[in-house]
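*Asks:* This structure is in structure tokens; I'll ask about it shortly.
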Amino acid sequence: MNGISAPSNRLSIAEDRLKRAMDRLEAALENRSADGDGVADGQVAAQLQALQDENAELRDLVDTTAQRLDGTIAKFKEQLAG
């Protein structure tokens, strides 16, 4: 693996881990019994929302980083070709 793709790969791995964690949390919410503690349900819902917000921020970061990397790679290619 070269140095240019390593940061992008780490972001992708982090995003995948976060998505899996959110999937597990959503599954746990779905599996809870209807007669569970309302306070606990509220806390889990708040945690879910926080994870969803963090996921959105990470997706934005991944997109921004990918665009910057693409721009840098294009500049390198221009310099090598010139």
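*Asks:* Restricting to region 1-37, give me the number of residues that are surrounded by 10 or more Cβ atoms within 10 Å (Cβ to Cβ), under 16 Å from T65 (Cα atoms) and at pLDDT below 75.
*Replies:* Residues meeting the conditions: 5.
*Asks:* When you check L80 against the structure, is it of a type outside the set (D, E, K, R), modelled with pLDDT of 90 or more and surrounded by fewer than 12 Cβ atoms within 10 Å (Cβ to Cβ), yes or no?
*Replies:* Yes: the conditions hold for L80.
*Asks:* Assess whether A40 counts as being assigned to a helix (DSSP H, G or I), surrounded by 10 or more Cβ atoms within 10 Å (Cβ to Cβ), at pLDDT 80 or above and of a type outside the set (D, E).
*Replies:* no
The values are calculated or read from the model by the stated rules, or taken from the named source; none is laboratory data. As the structure is a computational prediction, the values presented were derived from the model and not from experiment. Counting neighbours? That spans all protein chains shown, and the Cβs are built from the backbone with ideal geometry, glycine included.
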